[in-house]
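Participant: Here it is, the structure, as structure tokens.
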Amino acid sequence: MLTNERHDFILKLLEEKQTIKIQELVDLTAASESTIRRDLTELENQQKLERVFGGAVLPARYLIEPSVADKSTQNLQEKIQLAKFAAAFVHKGDSVFLDAGTTTFQMIPFLKEKDLVVVTNGLTLVDSLNEQGITTYLTGGRVKPRTGALVGAQTIQSLKNYRFDVCFLGVNGFHPDYGYTTPDPEEAAVKQLASSLARRTYVLADHSKSNKVSFAKIMDLEQAILVVDELSGETIEIMEKKTTVKVGKA
């Protein structure tokens with residue numbers, strides 16, 4: 001395979017998977033590891049990818065966060081099923097952090113009989129929580145126009161006043177090597193803090209987020225229980241080497 005052919009192959013594979021490993025490229029191209037490393041360096045110099053330990057990911061500019069409107073219609077039935085499954089991990093009387101997100105939003109109807117106190121940084125969750133009669137506290141902070149999430153120093157300060165029995169987070173990707181990620185470092189910081197203040201943390205992610213890597217790391221896989229709608233047996237086996245995986249199939 002010529003150099004330009006390898007480069008095209010690498011970029012096409014990266015577009016499909018968002019993250020690739022050096023060894024994977026060695027196996028697929030029959031090139032040496034040193035050759036693949038040179039390829040990745042050249043492509044990084046052209047700003048077509050970003051090198052990470054053991055591989056490469058898409059540049060941050062390609063990892064634009066979808067809006068709430070975009071995300072709310074993606075894999076909707078899977079999200080509803082996942083939300084119903086996740087709600088079963090909430091006990092009556094729990095104090096709960098619900099992250100801003102479309103999957104956590106879908107949990108709300110399944111929480112109404114549990115006599116909860118909920119804290120959220122999601123503006124889009126508040127009306128639904130109130131409609132279900134759930135005691136709700138909204139953090140302060142700067143409003144992100146695309147997602148309705150509250151982020152920044154005021155959000156961080158507000159969260160420090162609480163402790164949670166359970167925390168539910170949404171992510172843009174999960175990966176055995178790169179952990180849980182999201183496009184916005186400020187939102188990653190909020191998620192990380194909320195998790196640290198909870199006895200248990202569950203990350204809700206449908207199968208489309210598997211092996212995806214976004215710009216800002218939230219935490220390692222082992223720091224939360226992964227709740228998914230479905231995954232291949234091979235992927236579950238890989239993930240379970242790092243964390244507990246709960247699969248809620250329809």
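Participant: Using a cut-off of under 19 Å, list every residue of the range 22-45 whose amide N is near the label point 7 Å from the Cα of Phe9 along the Cα-to-beta-carbon line.
Facilitator: Counting only backbone N, you get 22-44.
Participant: Given N residues in the range 118-202, what is its alpha carbon radius of gyration divided by 2.2 N^0.38 Å?
Facilitator: In units of the 2.2 N^0.38 Å rule of thumb, it is 1.08.
Participant: I need the fraction of alpha carbon pairs in the range 135-179 separated by more than 16 Å, rounded to a whole percent.
Facilitator: For the range 135-179, the fraction of Cα-Cα distances above 16 Å is 55 percent.
Participant: Something else about it: How big is the equivalent ellipsoid of the range 1-52 along its three axes, where each semi-axis is √(5λ) from the Cα gyration tensor, reported in whole Å from largest to smallest?
Facilitator: Ellipsoid half-lengths, sorted descending, are 14, 12, 11 Å.
Participant: Roughly what % of DSSP beta bridges within the chain run antiparallel, to the nearest 5?
Facilitator: Close to 40 percent.
Participant: Could you give the Stokes-Einstein D for the chain in µm² per second, using the C-alpha Kirkwood radius, 4 °C, 1.567 mPa s?
Facilitator: It diffuses with D of about 68 µm²/s by this estimate.
Participant: Give the aspartates and glutamates reachable from Lys92 as a straight Cα distance under 13 Å; neighbours fewer than 8 places away on the same chain don't count.
Facilitator: The reachable aspartates and glutamates, counting only those whose Cα sits under 13 Å from Lys92, are Glu113, Asp115, Asp165.
Participant: Pairs to check: Lys112/Lys209; Lys48/Lys242; Lys21/Lys84; Lys48/Lys212; Lys191/Lys242. Give those whose C-alpha atoms are more than 26 Å from each other in this structure. Walk me through the numbers before you get to the answer.
Facilitator: Details: Lys112/Lys209 28 Å; Lys48/Lys242 30 Å; Lys21/Lys84 35 Å; Lys48/Lys212 17 Å; Lys191/Lys242 19 Å.
Going by Cα-Cα distance, Lys112/Lys209; Lys48/Lys242; Lys21/Lys84 fall outside the 26 Å limit.
Participant: Next question. Using only Cα atoms, tell me the angle between helix 185-196 and the longest principal axis of the chain; keep it within 0 to 90° and round to the nearest 10.
Facilitator: 60 degrees
Participant: Please report the net charge: other residues with Cβ closer than 11 Å to the Cβ of Thr3, K and R +1, D and E -1.
Facilitator: Residues close to Thr3 contribute a combined charge of -2.
Participant: Report the semi-axes of the equivalent ellipsoid for the range 167-237 in whole Å, largest first, where each axis is √(5λ) for an eigenvalue λ of the Cα gyration tensor.
Facilitator: 19, 14, 9
Readers should treat all values here as calculations from the given coordinates under stated rules, not as data from a laboratory. Here the structure is a predicted model, which means the values were calculated and not measured. Positions of Cβ are generated from backbone atoms using ideal geometry, with glycine treated the same way; all protein chains shown enter the neighbour counts.
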